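Please read the structure below before turning to the comments.
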Amino acid sequence: MSNVTMEATTILPILKKKLAFLSGGKDRRSGLILTIPLSSDQTSMEELSATLDYLLSIPSQKCKARGFTVIVDGRKSQWNIVKTVVLMLQNVIPAEVSLVCVVKPDEFWDKKVTHFCFWKEKDRLGFEVILVSANKLTRYIEPCQLTDDFGGSLDYDHSDWLGKRLVFEKFTKESTSLLDELTIINDGDKSSSVDKDKSADCALLPSFDPETVLQTGHELLSELQQRRFNGSEGGGGGGGGGGQGGPAWRPMEEELLAQPQVMKLLDSLREQYTRYQELCRQRNKRTQLDEIHTKVMQVVTWLQGPGSELLKTQQAIGDSMRSAQALQQKHEEIESQHSEWFAVYVELNQQIAALLSAGEEEEVVELKALQQQLSDVCYQQAAHLESRQNVLQAAQGFHGTTQELSQQLDGLLGMLCADVAPADGASIQQNLKLLEEKLQTVEAGLSSLRQKGALVMEQMCSHPAWSLEETESPAGGEPDNVQQVQSVMEEMQLRKQRCEDMVDVRRLKMLQMVQLFKCEEDALQAVEWLSELLDALLKTHVRLGDESQETRTMLDKHRKFVDVAQSTYDYGRQLLQATVVLCQSLRCTTRSSGDTLPRLNRVWKQFSVSAEERQQRLELALHFHTTAERVLQEECVDADYLDEVDSSGKTLLDRLTMPIIFPDGSEQYFGSPSETAAAAEAVRERLLLVEERRLQLQEARIHNDDEEEVLNGQEVRLDVIGEELSEKEEQDEEEEEEEEDAGQQDEDLERATQDC
């Protein structure tokens, strides 16, 4: 290891000027090559001397013994400066210099060489000085050992060399100082007692961070092993001064690369640092055990003392949602205080677990005892906190449901107390549906309240016991809380029962109102149906038939039509009577059938008048068609029949032209005028046929006048016989009338008896 008497940092500005440098090249004797590049500017001899002193302090004594070859590059300088530098070498490094090569310019110096012959001064200088041109320098030094300034192939970066030199010196200084400190700390711990004052731990802190110094050393060693410190990566030459083509060699080898020195420092530093880490670990372990014991006792003392007292004072469940929320907030504050201690417990448990994995037997027993004690206390307190939290959550749910159920009952009661005055049956149905939904909601709410009340009492009864030393409950609030929950549920049950009774009454009333509206609606519908029947009777029932059979069929249909109208009228009357009864039951004096009954009666009277007129016309038409068909079909027709047909036909025609006069004085015709004209035309056609039949009979009578005279005698005799038969029939009829009168008297008597 070389003795570094100077530091680069002290003359760093001078070193940056590159007044002289060791390129790493070697001469044929394996001596180091020292290059002094003189510039055209004035060179400070003091700075050059300082640079040479520093550079010559780097190689080892063995390397110095082989001597230096100094190259003084005077191509850009003056001769007197070169001469001064050569003479200065005699004072600075006379024993180490074996050869000085002064590189001269190609011309200009030749005339002045004779003024000072260095070869004559060899004995006085102590080394040989030669003047040589740059292109002839290879006669003395191999090209691979020369830099490119002299036509060689050796790479040299002065800034890179200086930077790495600073790193090396910094590492050497810091590592040496750190080694001394660590040695003192490690050796001092052996003689000191383990139980000394813990404040001595501050002496365990060295001036430098060992990790950082080791990292710097490893990086430096890596650079050195790559042959990049104080030389080039690819430069090569002969290891023992061999010529070109000889075996490869590394510039400055171990003298400048300083690998052994760095490696030795790293090894020593790692050894002392390992001892230092073990020392710190032992002291930290002892300190950590004491700290853990102290913290465990702090946690146990607080949880069994103030923490338990806080929980014991919190037993109420509140009488409303707001009070329960206030209790919950207070409990959260208590939980927050416990959380801080539980966090300490978790941290202590992790520390104890870590120590158990690498602790001694005595330490393991002590740590396990502490861990068990800490866990028992913490789990017990956590169980109390959780139980209290469950009770409060159940209480909040219970009070919330109670509040919601109370609001539902208030809403239902308000709906029941409000007057029912809907406009129609649909709104009543909607109100009834809403009432049922509210009642179902109340029932569901009461069921939920029972469940949550049972949950609250279950949570209170399942509260974990406190420590064994306490035989009594810390606060006798549980029975009061249970009684409070039961009383609230009973009160809600009574309120719900009262509302149910009122709902039953309201439901009956609303159903009656629905029935009332339905009766009124159906009554109006009956009026509409009857009006439609009247309208159909007047507009479509116009034809009277073209023959007796058709007229008879139409008469039967008319009677059925009237029966339908009669049923509709009776149905409407019954509905209106039902509305009167319902209004009396509901005490609804403001409601009545209104104008429905007058409308029903008015329409019915109009229909009755129209139906009677229609029936009379059909009966006249039936009589007319029957008589006419008889006249037209029989061969012998009496003139009276013919006259009767004419009379009934004319009467029917006159009836068709007459309007219907309603009870209110208004008039109405059947059908349209064209339909009436068509019906009258059918009657007239039948009358024409009858008139033709009359003419036929008159012609036949003229031919039969003679025959009538012959038969007159016979007719007289027949008339006598006929009179006798007529008298006999009259007697029979009188006897039948007497029998009918007697039967009618018997019926009247029987009816009077039944009435009594």
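The values are calculated or read from the model by the stated rules, or taken from the named source; none is laboratory data. None of these values were measured; they are calculated from a predicted model. Reconstructed Cβ throughout: ideal geometry from the backbone, glycine too, with neighbour counts over all protein chains shown. Calculation scope for accessible area: heavy atoms of the full protein, side chains included, ligands and nucleic acids excluded. Shrake-Rupley method; radii C 1.70, N 1.55, O 1.52, S 1.80 Å.
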Item to check | Count - residues of segment 406-419 that are in contact (Cβ under 8 Å) with a residue 12 or more places away in the chain and either under 27 Å from Q314 (Cα atoms) or not hydrophobic (A, V, I, L, M, F, W, C) (or both) | outcome: 3
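To keep it simple, each residue is scored yes or no on (1) surrounded by fewer than 18 Cβ atoms within 10 Å (Cβ to Cβ); (2) under 30 Å from Q298 (Cα atoms).
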{"site": "L392", "(1), (2)": "no, yes"}
{"site": "T402", "(1), (2)": "no, no"}
{"site": "G411", "(1), (2)": "yes, no"}
{"site": "K433", "(1), (2)": "yes, no"}
{"site": "L449", "(1), (2)": "no, no"}
Checklist entry - When you look at G671, is it in a loop (DSSP other than H, G, I, E, B), touching a helix residue (DSSP H, G or I) at 6+ places or on another chain (Cβ under 8 Å) and closer than 20 Å to T553 by Cα, yes or no? => result yes
Item to check | Counted residues, segment 524-568 - those being of a type outside the set (D, E, K, R), assigned to a helix (DSSP H, G or I) and surrounded by 15 or more Cβ atoms within 10 Å (Cβ to Cβ) | outcome: 20
Next on the checklist: So, G445, is that one surrounded by 13 or more Cβ atoms within 10 Å (Cβ to Cβ) and either modelled with pLDDT under 85 or among the charged types (D, E, K, R) (or both) or not?
Outcome noted: no
Item to check | All positions within segment 12-71 that are part of a helix (DSSP H, G or I), touching a residue at least 40 places away in the same chain (Cβ under 8 Å) and touching an Asp or Glu at 6+ places or on another chain (Cβ under 6 Å) | outcome: C63
Item to check | Boolean, L370 is of a type in the set (A, V, I, L, M), at pLDDT 85 or above and on the phi < 0 side of the Ramachandran plot | outcome: no
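Being over 23 Å from S57 (Cα atoms) and either open to solvent by less than 20 Å² (accessible area, probe 1.4 Å) or at pLDDT 80 or above (or both) is the filter here, so list the residues in segment 250-274 that pass it.
Scanning segment 250-274 gives D267, S268, L269, R270, E271, T274.
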Checklist entry - If only one of D123, D110 is modelled with pLDDT under 65 and within 24 Å of K64 (Cβ to Cβ), which one is it? => result D123
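For segment 29-39, indicate whether the set of residues that are touching a Pro at 6+ places or on another chain (Cβ under 9 Å), under 19 Å from T147 (Cβ atoms), open to solvent by less than 10 Å² (accessible area, probe 1.4 Å) and not charged (D, E, K, R) is non-empty.
Looking for residues that are touching a Pro at 6+ places or on another chain (Cβ under 9 Å), under 19 Å from T147 (Cβ atoms), open to solvent by less than 10 Å² (accessible area, probe 1.4 Å) and not charged (D, E, K, R), one finds at least one in segment 29-39, hence yes.
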Next on the checklist: Quick test of your reading of the structure: F168 fulfils all but one of (1) aromatic (F, W, Y); (2) open to solvent by less than 50 Å² (accessible area, probe 1.4 Å); (3) at pLDDT below 80. Name the failing condition by number.
Outcome noted: (3)
